[in-house]
Amino acid sequence: MHEDEEPTYLRSDAPTAERVDDLLGRMTDAEKAGQLVGTWLGNLDFAANEFEDVADAVRDHHLGVAAPFGWAGSPAKRVDEVVAAANDLQRVATEETRLGIPLLLNVDAVHGHAYVAGATVFPNGLGAAATWDPAAVEDAASITATEVRRTGAHQNYAPTCDVGREPRWGRIFETFGESPRLCAELAAAKVRGYQGDGLGDPDAVVATAKHFPAYGEPERGEDASPVDVSEYRLRNVFVPPFEAALDAGVESVMPSYNSIDGEPMHGSRYFLTDLLRDELGFDGHVVSDWAGVRHLHDDHGTAADHRDGIRQAREAGLDVESVGHVEHAAHLTDLLESGDLDADVVDDAVRRVLRLKFELGLFEDPYVDMDHARETLACDEHRRTARDVARDSMTLLKNDGLLPLSGDEDVFVGGPNADDLVHQLGGWSVTEPTDVPGPTVLEAVRDRAGGTVTHEQGTTLNEELDVDAAVAKAREADVAVLALGEGWYLHEFGPSVQAGIETGEWPTRSELGLSDAQRELVRRVHETGTPVVGVLITGRPLAVDWLDRNVPAILMAYYPGTEGGAAVAETLFGDNDPSGRLPVSVPRSAADLPQHFDHLAHPTPIGDDEHPDSYDPLYEFGHGLSYTEFEYGDLTVSTPEVAPEGDVAVAVDVSNTGERAGTETVQVYARQETSSRVRPVRTLVGFDRVDLAPGESATVELSLPAERFGFYKPRTGRVVEPGTYRVLVGDRAASFEVVPASE
């Protein structure tokens with residue numbers, strides 16, 4: 001090549017593989033190592049980085065990945081700040097380094113670009129799952145991707161593919177609930193939404209399926225504690241959503257912090273290579289969950305020191321260390337130069353990272369426009385979609401005829417979540433309400449109500465304020481709306497500085513009910529005789545048995561996002577029919593756990609009448625009331641015999657027998673009558689939403705792959721066994737036979 005000829009890696013018309021090989025061939029060991037290490041701007045628990053620290057890491061240590069914003073500890077929170085940080089760092093990477101390799105910038109935008117004030121924030125995981133609407137979840141993910149790219153980031157550490165089976169866990173709100181099928185459908189929808197038409201799409205981001213392979217049932221409900229499950233449970237409950245994400249083309253996977261079968265995921269070659277790559281066929285890049293590599297030495301005790309942990313993680317199959325900073329880069333370079341780490345391991349990982357950067361178009365233009373970003377974030381179209389998703393997530397748990405309100409009532413609004421946007425967003429969001437769009441519940445009720453609206457908070461999340469004043473105002477009202485529940489937190493209900501609650505204070509994993517202060521507020525208001533609507537703005541499915549026994553109406557709002565206040569008010573006043581359905585069971589108490597609808601069948605040695613029900617939650621999975629009534633008619637399976645590779649055709653008649661329009665979610669469950677392994681009493685195999693006017697009927701048809709009725713059998717693999725299967729929809733049932741293909 002002539003000296004004045006443009007290098008192949010800088011030629012946009014050259015094939016990506018050739019560009020990768022050309023650039024890789026020019027890189028030193030230190031430059032290769034740097035491409036596999038990330039850094040951060042802001043305060044992390046073990047170190048703080050100013051902008052110049054990040055710039056020096058890129059300039060002098062060749063780091064190729066960074067998180068300058070989009071996480072809780074970054075000082076860049078507003079649109080102007082994040083765009084400036086992205087562009088300034090890209091300028092350092094492309095103009096002040098030998099090869100000019102642009103940075104891959106990542107964010108935690110799990111329910112919207114929520115760490116940027118002024119962005120559109122959607123309901124968090126459980127709220128999104130309550131819609132049972134993959135199309136809506138895909139639309140929300142697409143909007144999130146657009147807002148992320150317009151601010152200069154390229155990879156989103158989402159979707160969360162964890163199946164949430166432990167209600168005490170502080171991260172269950174990030175999940176799509178307890179059903180592997182529902183989680184799989186919605187995880188795949190998010191991947192499609194994030195990645196759009198491919199990474200060449202200027203509004204697409206790299207999606208990251210996390211936290212592989214099982215994180216959602218930790219011991220004691222403690223975050224990052226072991227998930228010690230059998231292979232049978234692992235493959236039939238926790239892995240399927242990741243398989244769905246892989247089928248949808250997810251480009252990145254993140255391992256979980258915890259151990260399984262004594263192996264920490266960040267250091268397990270079995271899970272990250274043998275299972276993920278060799279068996280499941282993943283060919284994208286694996287990125288650490290922030291300090292997951294450090295945990296190998298600091299916490300798990302499987303590495304002698306940090307350097308040994310880096311070697312262990314790299315040999316296991318990790319490509320990028322999210323927050324390794326210069327220390328990790330130096331250790332990785334030394335491992336290469338000393339021969340303690342195979343150079344091919346590093347080269348393969350570098351190829352995967354460079355491919356993403358080329359396909360994202362970063363070598364052509366890594367910069368973003370400030371005005372474009374300002375115009376995009378929380379634009380009218382995006383906010384309308386967020387409101388639609390929030391509306392569809394509203395789940396009416398109980399209604400003794402109080403709702404919907406007529407609009408003429410005098411309304412008292414109280415509780416810690418009535419006038420708090422940050423609590424309404426929940427974790428993985430900004431911690432200050434400044435510049436956050438959208439109304440609070442109080443503001444939205446004031447806008448909608450025709451009568452007088454009064455307000456008194458009454459309590460914080462866990463401390464009484466002026467309960468007497470709240471009681472006095474509630475006594476004079478026609479109805480009391482109490483917005484209760486939980487506030488902003490991450491992981492193990494912290495960090496305490498940002499969550500505003502000392503470690504060990506409510507909420508904690510040892511207490512699944514409302515705090516003492518909130519219970520006292522509800523009790524006192526209830527004693528006035530004013531009917532109470534309990535609105536639960538919460539991350540976890542709280543055990544609210546006292547509410548269930550004593551108040552006439554309970555609305556589950558989850559963490560509903562920027563438009564959640566409006567969605568709550570519209571539902572209370574009947575402008576929105578509550579169509580949300582629970583994606584997770586609400587237990588009666590923590591003592592009743594575990595409670596999930598698809599528990600395994602088991603004997604009752606002294607008789608069924610001597611065993612309390614195995615599954616007896618306060619509110620069942622899939623529960624949700626409407627302001628109208630639905631009835632199910634004929635259920636048919638028009639394929640009475642199906643081959644294991646075939647499809648099962650299910651049809652059911654649904655009628656709206658009430659006086660209002662409404663949306664019903666048709667939930668299709670199944671049970672294998674006889675099987676070679678103990679199977680769940682029922683599994684969710686399909687679902688669909690149907691909108692019906694008063695008096696209208698429709699036949700809902702679903703074509704379900706027979707594979708959904710099968711299971712993973714250890715030492716055998718995936719099977720769909722011959723025999724009889726029961727299909728259950730509402731109070732209707734039908735059967736079909738799986739027959740060998742040769743028959």
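The values are calculated or read from the model by the stated rules, or taken from the named source; none is laboratory data. On a predicted model such as this, the values are computed, not experimentally measured, just so you know. Backbone-built Cβ (ideal geometry, glycine too); neighbour counts: all protein chains shown. These accessible areas exclude ligands, DNA and RNA; they are computed on the full protein's heavy atoms, side chains included. Shrake-Rupley method; radii C 1.70, N 1.55, O 1.52, S 1.80 Å.
Odds and ends about this structure:
- Boolean, His266 is outside any loop (DSSP other than H, G, I, E, B) and open to solvent by 40 Å² or more (accessible area, probe 1.4 Å): no
- For segment 480-532, taking the residues that are assigned to a loop (DSSP other than H, G, I, E, B) and in contact with a Pro (Cβ under 8 Å, 6 or more places away or on another chain), the one that is surrounded by the fewest Cβ atoms within 10 Å (Cβ to Cβ) is identified as Pro531.
- For the residues Asp203, Asp228, the requirement of being under 28 Å from Gly361 (Cα atoms) and open to solvent by 10 Å² or more (accessible area, probe 1.4 Å) singles out Asp203.
- Verdict on Val250 being under 26 Å from Leu512 (Cα atoms) and touching a helix residue (DSSP H, G or I) at 6+ places or on another chain (Cβ under 9 Å): no
- Of all residues in segment 225-249 being within 21 Å of Ala187 (Cα to Cα) and aliphatic (A, V, I, L, M), the one that is nearest to the chain's Cα centre (by Cα): Ala245
- For the residues Val350, Val411, Val422, the requirement of being among the β-branched types (Val, Ile, Thr) and more than 30 Å from Asn124 (Cβ to Cβ) singles out Val350.
- One residue stands out in segment 387-401 among those that are touching a Pro at 6+ places or on another chain (Cβ under 8 Å) and either among the charged types (D, E, K, R) or more than 17 Å from Thr538 (Cα to Cα) (or both): the one that is most open to solvent (accessible area, probe 1.4 Å), namely Asp400.
- For beta carbons closer than 9 Å, sequence separation of 6+ or different chains, a first residue in segment 88-104 that is open to solvent by 10 Å² or more (accessible area, probe 1.4 Å) and a second that is outside any loop (DSSP other than H, G, I, E, B) and among the polar types (S, T, N, Q), the qualifying pairs are Gly100/Thr94; Ile101/Gln35; Ile101/Thr94.
- Of all residues making up segment 452-479, the number that are over 27 Å from Leu512 (Cα atoms), open to solvent by 70 Å² or more (accessible area, probe 1.4 Å) and in contact with a Leu (Cβ under 9 Å, 6 or more places away or on another chain): 1
- Residue list for segment 593-616, restricted to those being surrounded by 10 or more Cβ atoms within 10 Å (Cβ to Cβ) and not in a loop (DSSP other than H, G, I, E, B): Leu600
Yes/no per residue for (1) buried (at least 24 other Cβ atoms within 10 Å of the Cβ); (2) among the small types (Gly, Ala, Ser); (3) in contact with a strand residue (DSSP E or B) (Cβ under 7 Å, 6 or more places away or on another chain):
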position	(1), (2), (3)
Arg294	no, no, no
Asp299	no, no, no
Asp305	no, no, no
Asp308	no, no, no
Gly317	yes, yes, yes
Glu327	no, no, no
Ala330	no, yes, no
Leu336	no, no, no
Asp344	no, no, no
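- Number of residues in segment 500-515 that are among the polar types (S, T, N, Q) and in contact (Cβ under 8 Å) with a residue 40 or more places away in the chain equals 2.
- Options Ala33, Ala119; residue that is surrounded by 22 or more Cβ atoms within 10 Å (Cβ to Cβ) and assigned to a helix (DSSP H, G or I): Ala33
- Total residues in segment 617-656, condition open to solvent by less than 60 Å² (accessible area, probe 1.4 Å) and touching an Asp or Glu at 6+ places or on another chain (Cβ under 9 Å): 23
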